[in-house]
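The values are calculated or read from the model by the stated rules, or taken from the named source; none is laboratory data. Here the structure is a predicted model, which is why all the values come from computation and not from measurement. Cβ atoms come from the backbone with ideal geometry, glycine included; neighbour counts cover every protein chain shown. Heavy atoms of the whole protein, side chains included, go into the accessibility calculation; ligands, DNA and RNA do not. Shrake-Rupley method; radii C 1.70, N 1.55, O 1.52, S 1.80 Å.
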Amino acid sequence: MDARERLIVALDLPSVAAADAMVARLGEAVSFYKIGYQLGFAGGLALAEQLVRAKKQVFLDFKLHDIGNTVARGVESVVKLGASFLTVHAYPQTMHAAVDARADSALRILAVTVLTSYDDADLAAAGYDFTVPELVAERAAQARDIGIDGLVCSAEEAANLRKIIKPGMVLVTPGIRPAGAASGDQKRIMTPAAAIAAGANYLVVGRPILEAPDPKAAAEAIVAEIAQAGP
Ligand code: C5P
């Protein structure tokens, strides 16, 4: 796969105008964009359709979790929109509904096993009798058995998850920081090259590109690092 297609830029921006300006600035350097709550609920779904028409790939990071019928109808709409990736929480009922509804379309369903902001105490407070690594492994195995297309995970988890998931499943990793970039609120970070070496298929990068003095140059540097890191 072309290194450029493995970089997903998180459009964590407050308005469509700001996102439009960033997409124009990044130009041909970036072919894949992630839209989450902030932009999605500020007109970002229309932008998603526009990006698809402009032949960019779109990752809708809305982490769905609802009754199966509601998830399935939502996924059908996302298929029509033309998005490439959509996240759901890794609950079996939700994953089954999403996989059934994406059918044989080009949409890939990614499961979020355990949110990276959770530690063992957060899981206990939520009523779970599992440690974070135990629950991540359990949910990854369920995602595999249900036919989920990939997982969102930290680069640190990637090597372990590879042992659990099927070969065709993709690992999508945020928490990427080129050498020298500020970590922000990310606790577990890796450079682009290290994340690829650890088994990530796609890297999600936000602030290191959005806040760079020259975002296009920052994106190109990451693509070059991905290309060097190999397949
Ligand atoms: O700015 P930064 O590169 O840290 O952005 C990372 C992106 O990945 C954000 O959109 C964030 O919501 C998302 N993300 C994450 N950790 C997860 C799942 C998603 O940082 N576990």
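See the values below:
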| item | result |
| --- | --- |
| Contact order relative to length of the chain, as percent, for alpha carbon pairs under 8 angstrom and 6 or more apart | 19 percent |
| Anisotropy class of the chain from Cα gyration tensor, a/c 1.5 cut | oblate |
| Additional length obtainable on full extension of the chain from residue 53 to residue 179, 0.36 nm per residue less Cα span | 41.9 nm |
| Candidate lysines for bridging to residue 163, where Cα separation is under 30 Å - those fewer than 8 sequence places away on the same chain excluded | 34, 63, 187 |
| Packing-based ranking, highest mean first, of 141-152, 156-167 given that Cβ atoms within 10 Å are counted | 141-152, 156-167 |
| Probe 1.4 Å, protein heavy atoms only - accessible area per residue of the chain in square angstrom | 46 Å² |
| Solvent-accessible surface (1.4 angstrom probe) belonging to residue 35, in square angstrom, nearest 10 | 0 Å² |
| Gyration tensor (alpha-carbon) shape descriptor, segment 136-231, a/c threshold 1.5 | prolate |
| Charged-residue dipole, Cβ positions (Lys, Arg, Asp, Glu), the chain about Cα centre, Debye nearest 20 | 540 debye |
| Using θ = phi - 60° and Karplus 6.51 cos²θ - 1.76 cosθ + 1.60, couplings along segment 116-126 (whole Hz; Gly, Pro as x) | 5, 7, 8, 10, 4, 5, 5, 5, 4, 5, 8 |
| Förster radius 30 Å - calculated FRET efficiency between residue 77 and residue 5 (Cβ-Cβ, nearest 0.05) | 0.75 |
| Packing-based ranking, highest mean first, of 11-20, 85-94 given that Cβ atoms within 10 Å are counted | 85-94, 11-20 |
| Mean Cα-pair separation over length for segment 81-161, i.e. relative contact order, pairs under 8 Å, 6 or more apart, % | 35 percent |
| Accessible carbon and sulfur surface of segment 3-229 relative to its total accessible area, %, 1.4 Å | 53 percent |
| Solvent-accessible surface (1.4 angstrom probe) belonging to residue 190, in square angstrom, nearest 10 | 50 Å² |
| Dimensions in Å of segment 88-153 - Rg and Dmax from alpha carbons | 12.5, 39 |
| Gaussian network model of the chain, Cα within-10 Å springs - most flexible of 107, 203, 81 | 81 |
| Whole-Hz ³J(HN,Hα) from phi, Karplus 6.51 cos²θ - 1.76 cosθ + 1.60, for segment 178-186, glycine and proline x | x, 3, x, 7, 5, 7, x, 8, 6 |
| Cα-projected label distance for residue 211 with residue 156, points at 7 Å along beta-carbon direction, nm | 2.0 nm |
| Separation of the residue 103 and residue 67 label points, Cα + 7 Å toward Cβ, nm | 2.3 nm |
| Other-chain or far-sequence residues with amide H under 5 Å of residue 57's (modelled H) | 32, 33 |
